[in-house]
Structure formats: structure tokens, C-alpha cells
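Visitor: Okay, here's the structure, questions in a sec.
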Amino acid sequence: MEPDVTTAMLRRVEELQQLADSIAEHHPYWPALHFTLQLLGRLVDKWRENLTNRDKEELLWLAEKIRESIEKIQTH
């Protein structure tokens with residue numbers, strides 16, 4: 001992937017994060033969305049690099065936060 005495309009993807013993830021933070025913070029799905037966008041941002045940021053063990057641990061932590069957030073969503 002070309003650097004300009006990577007930059008554009010990262011910019012879009014950041015825009016989505018800002019939008020979600022500004023309009024949906026109290027929505028029950030917000031935590032899942034927030035952590036998903038955080039994980040996506042980390043992946044895009046490291047797109048042209050090898051992931052370190054620390055990077056992998058951070059991604060796994062975010063994935064766990066996504067799972068926990070989804071489990072907390074009450075079904076109606």
C-alpha cells in the first residue's frame with residue numbers, strides 16, 4: 001500500500017473516532033465502536049511495519065476490550 005493511501009486510511013479512522021466521540025459516547029454500542037476504531041487505527045499505523053510483540057499484545061488487549069464491550073450490550 002502506498003504511503004499516501006495509508007495516511008488517508010489513518011485520517012479516516014481518526015475522523016470516525018472523533019465523530020463517534022462527539023455524538024455517541026453514551027450509546028450502549030459506543031465502547032465496542034471506540035475500541036474497534038482504536039484497533040483499526042493501530043493496524044493502519046503499523047501497516048508498513050512488522051508488528052512487535054508489544055504491538056501484538058496491545059492489539060490483543062483491544063480485541064479483548066471489544067469482546068467485553070459486545071458482551072455488555074443488553075439484548076432487547
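Visitor: Examine the range 24-35 for a residue that is in a helix (DSSP H, G or I) and out of contact with any Ser or Thr (no Cβ under 9 Å at 6 or more places or on another chain), and state whether such a residue exists. Spell out how you get there, then give the answer.
Guide: Start the filter on the range 24-35 by keeping residues that are in a helix (DSSP H, G or I), which leaves 30-35.
Retained after the next criterion (residues that are out of contact with any Ser or Thr (no Cβ under 9 Å at 6 or more places or on another chain)): none.
Looking through the range 24-35, none of the residues is in a helix (DSSP H, G or I) and out of contact with any Ser or Thr (no Cβ under 9 Å at 6 or more places or on another chain).
Visitor: State whether one or more residues within the range 58-72 are assigned to a loop (DSSP other than H, G, I, E, B) and either basic (Lys, Arg) or in contact with an Asp or Glu (Cβ under 7 Å, 6 or more places away or on another chain) (or both). Break it down into steps so the answer makes sense when it comes.
Guide: Of the residues in the range 58-72, the ones assigned to a loop (DSSP other than H, G, I, E, B) are none.
Checked against the condition, which is being assigned to a loop (DSSP other than H, G, I, E, B) and either basic (Lys, Arg) or in contact with an Asp or Glu (Cβ under 7 Å, 6 or more places away or on another chain) (or both), the range 58-72 yields no hits at all.
Visitor: Out of the residues in the range 20-34 meeting the condition of being within 29 Å of Asp4 (Cβ to Cβ) and crowded, with 17+ Cβ neighbours inside 10 Å, tell me which one is modelled with the lowest pLDDT.
Guide: Only one residue fits best here, namely Ala20.
Visitor: Would you please list the contacts, defined by Cβ atoms under 6 Å and residues six or more apart or on different chains, that run from a residue in the range 15-34 that is free of Cβ contacts under 8 Å to residues at least 40 places away in the same chain to a residue that is open to solvent by 40 Å² or more (accessible area, probe 1.4 Å) and assigned to a helix (DSSP H, G or I)?
Guide: Ala20/Leu33; Ala24/Trp30
Visitor: Next up: Can you report the number of residues in the range 35-76 which are loosely packed, with under 13 Cβ neighbours inside 10 Å, of a type in the set (A, V, I, L, M) and free of Cβ contacts under 8 Å to residues at least 40 places away in the same chain?
Guide: Residues in the range 35-76 being loosely packed, with under 13 Cβ neighbours inside 10 Å, of a type in the set (A, V, I, L, M) and free of Cβ contacts under 8 Å to residues at least 40 places away in the same chain: 1 in total.
Visitor: Within the range 44-57, track down each residue that is at pLDDT below 95 and either in a helix (DSSP H, G or I) or under 16 Å from the mean Cα position of the chain (by Cα) (or both).
Guide: Val44, Asp45, Lys46, Trp47 - these are the residues of the range 44-57 that are at pLDDT below 95 and either in a helix (DSSP H, G or I) or under 16 Å from the mean Cα position of the chain (by Cα) (or both).
Visitor: Of the residues that sit in the range 1-19 and are aliphatic (A, V, I, L, M) and touching a helix residue (DSSP H, G or I) at 6+ places or on another chain (Cβ under 7 Å), which one is most open to solvent (accessible area, probe 1.4 Å)? I'd like the intermediate steps shown before the answer.
Guide: Kept after step one, since they are aliphatic (A, V, I, L, M), are these residues of the range 1-19: 1, 5, 8-10, 13, 16, 19.
Subset that is touching a helix residue (DSSP H, G or I) at 6+ places or on another chain (Cβ under 7 Å): 9-10, 13, 16.
Details: Met9: 56, Leu10: 44, Val13: 14, Leu16: 90 Å².
Result: Leu16.
The values are calculated or read from the model by the stated rules, or taken from the named source; none is laboratory data. What you see is a predicted model; the values in this text were computed from it and never measured. All Cβ positions, even for glycine, are placed from backbone atoms using ideal geometry, and neighbour counts span all protein chains on display. Remember, those area values only see protein heavy atoms, side chains included, never the ligands or the DNA or RNA. Shrake-Rupley method; radii C 1.70, N 1.55, O 1.52, S 1.80 Å.
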